[in-house]
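The structure appears below as structure tokens.
The values are calculated or read from the model by the stated rules, or taken from the named source; none is laboratory data. Note that the coordinates shown come from a computational prediction; the quantities given were computed from them, not determined experimentally. All Cβ positions, even for glycine, are placed from backbone atoms using ideal geometry, and neighbour counts span all protein chains on display. Just the protein is used for accessible areas: all its heavy atoms, side chains included, with ligands, DNA and RNA removed. Shrake-Rupley method; radii C 1.70, N 1.55, O 1.52, S 1.80 Å.
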Amino acid sequence: MAGLTPGAPTPTALTLHGRSRVLEIAFSDGASFRIPFELMRVCSPSAEVQGHGPGQETLQTGKRAVGVVALEPVGHYGVKPVFSDGHDTGIYTWDYLYDLGARQDHHWADYEARLAAAGRDRDAPMPERGAPACGSH
């Protein structure tokens, strides 16, 4: 499987764990990660979450119990998860999944800071108007 970045690690194994709600992914450089579905969902690279430009991001809430019902290949460079809440427009490149796995602590801390700044709770229903999504700060 080739990635978008020449020479970047590519997946050697990919497993969905429905009960624990994690994506387990191993890469060609020996790194392996267990990425929670919730983190994948709240940090979706889709326009629905990230917007089409600065200030258009939508803070995702109420995604703790989200599942992945399907994982569709996208070319040789990524996958498109279909989440149990119906979200299915994010294309997760191998580079993006590697970053989500390698920098989980950073992504969780950023998400929690954005929740606090918005006065929102992780388990609250989706707000009418959003706040910045992952990686937009």
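Assorted remarks:
- Acute angle (nearest 10 degrees) that the helix 104-118 long axis makes with the longest principal axis of the chain, alpha-carbon atoms: 10 degrees
- Nitroxide proxy distance, nm - points 7 Å out along Cα→Cβ at L14 and T89: 2.1 nm
- Solvent-accessible area of D88, all protein chains in place: 60 Å² (probe radius 1.4 Å, heavy atoms, ligands and nucleic acids excluded).
- Over the stretch 60-124, accessible surface divided per residue gives 47 Å², non-protein components excluded, 1.4 Å probe.
- Heavy-atom accessible surface of the chain: percent carbon and sulfur, 1.4 Å: 51 percent
- Helical contribution to [θ] at 222 nm, DSSP H n ≥ 4, -39,500 (n - 2.57), averaged over the chain, rounded to 500: -7000 deg cm²/dmol
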